[in-house]
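Quick notes on the structure that follows.
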Amino acid sequence: MQLTRGHCLALGSTFIIVLWMLTGIFKSSDLETTEAPVKVQSSDIFNVEIEHYRAEPITPELIIHGQTAANRQVHIKSEIAGRVIKINSREGQFVKEGQVIIEIDPRDSEQQLAQAKALLKQRKLEHKANQSLIGKGLQNKTRLAESESQLAAANAQVTAKTFMFNASKITAPFSGILENRHVEVGSYLRIADPVISLLDYNPFIVRGFAAEKDLTLIKAGKPAKAKTIDGLTFNGIIRYVSTSANDASRTFAVELEIENASERQAHGVTAEISIPLQQTLGIFISPALLTLDDKGILGAKYVTEDNQVMFEPVRLIKAESTGVWISGLPNPVDLIVVGQSFVSTGEKVNPITVRPTLSKSERHTAIDEQPKVKLNREIKSL
């Protein structure tokens, strides 16, 4: 039978596939007899980069998160029933103590007060006349006692009518900012209906909650600072430290009082209280230099005088935007700044000093720079 072109192509493809499979078998057989590579570690001492650090005086701060609040606030309510006829001040306005905010229809309370005052004048004259007659022996004591009773009743009537008349004008009990008005002109008020709120912001306070472990560090009367979420900073005095914990959070309320001559502030703005603590010595470093040991303890690695790596637990004193203050290390100390992840405690190293001792201000500009080091520990494969 004569082979066509298609038959030739099929036979050629089959031959190539069979040849490729046989080649793979022979190569895999060779690999099975090849010895696995072995990693050999060089005996050279490991290079690490170090910086010389010296402790500086630092005042740690206790940070308490909270919010701004008015020094005092009151929800003013109506003391009489009646219709609102005039609104003199509105929300957001500053009012002084005694200023009329809202007026209620007094109806005939003014006339009733005038009538009560006239009656009181009459009772005073009658009582004075009875006293004169008693002195002359022309009047008995019973009549005098009756006139005293009528005089006292007249006084009480004037007091009641004066209250009713004055209550028709709702005034500010203290200076502050008006908020949350509940009425309009024409609204009818009953006794004890809410009218408007008044908040006093001079001084204003920042209220936060301190943890149990920090309670002994906070003393009333001590200076502190507050920083609001918009970046403004205020100086104040701790005016109140609660002696009773919140049942749910087990925290204690703390209030910082801040003088505020502008009388303007906002209630409920996120803020933090910064309370200065006792001065101590600390080292300012980059957080990248901190590490954890096998037990999960936070610390840092440094090099001793005999070029041995040591690990020392540290305590965080204060955090800043460019680094952290820590204590617990020897003073001075040569901290490993590059290569600390590749060396173990007790290991001998070759320390390379990358820059001289820097002050905290100089470290602010250099702390983000992480210099490179050439590692001379090699892994060779055979």
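None of S187, S147, S244 is in contact with a strand residue (DSSP E or B) (Cβ under 6 Å, 6 or more places away or on another chain) and either in the same structural domain as S109 (by TED's automatic domain parsing) or loosely packed, with under 13 Cβ neighbours inside 10 Å (or both) except S187.
Against the condition among the small types (G, A, S), outside any loop (DSSP other than H, G, I, E, B) and without any contact (Cβ under 8 Å) to a residue 24 or more places away in the chain, how does A156 come out, does it pass? Show your work before the answer.
On the way: among the small types (G, A, S): yes; outside any loop (DSSP other than H, G, I, E, B): yes; without any contact (Cβ under 8 Å) to a residue 24 or more places away in the chain: yes.
The answer is yes for A156.
Yes/no per residue for (1) in contact with a His (Cβ under 8 Å, 6 or more places away or on another chain); (2) in contact (Cβ under 8 Å) with a residue 40 or more places away in the chain; (3) among the acidic types (D, E):
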site	(1), (2), (3)
G186	no, yes, no
L189	no, yes, no
E212	no, yes, yes
A220	no, no, no
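Here E148 clears all of (1) under 30 Å from A81 (Cα atoms); (2) assigned to a helix (DSSP H, G or I); (3) charged (D, E, K, R) except the condition numbered (1). All of V40, V48 fail the test of being modelled with pLDDT under 70 and part of a strand (DSSP E or B), apart from V40.
Among the residues of the stretch 281-309, those that are farther than 14 Å from Y53 by Cβ, of a type in the set (A, V, I, L, M, F, W, C) and in a strand (DSSP E or B) comprise L292, L298, V309.
The values are calculated or read from the model by the stated rules, or taken from the named source; none is laboratory data. It should be emphasised that the depicted structure is a prediction, and the values quoted were computed from it without experimental measurement. In this analysis, Cβ positions are derived from the backbone assuming ideal geometry, glycine residues included, and neighbour counts consider all displayed protein chains.
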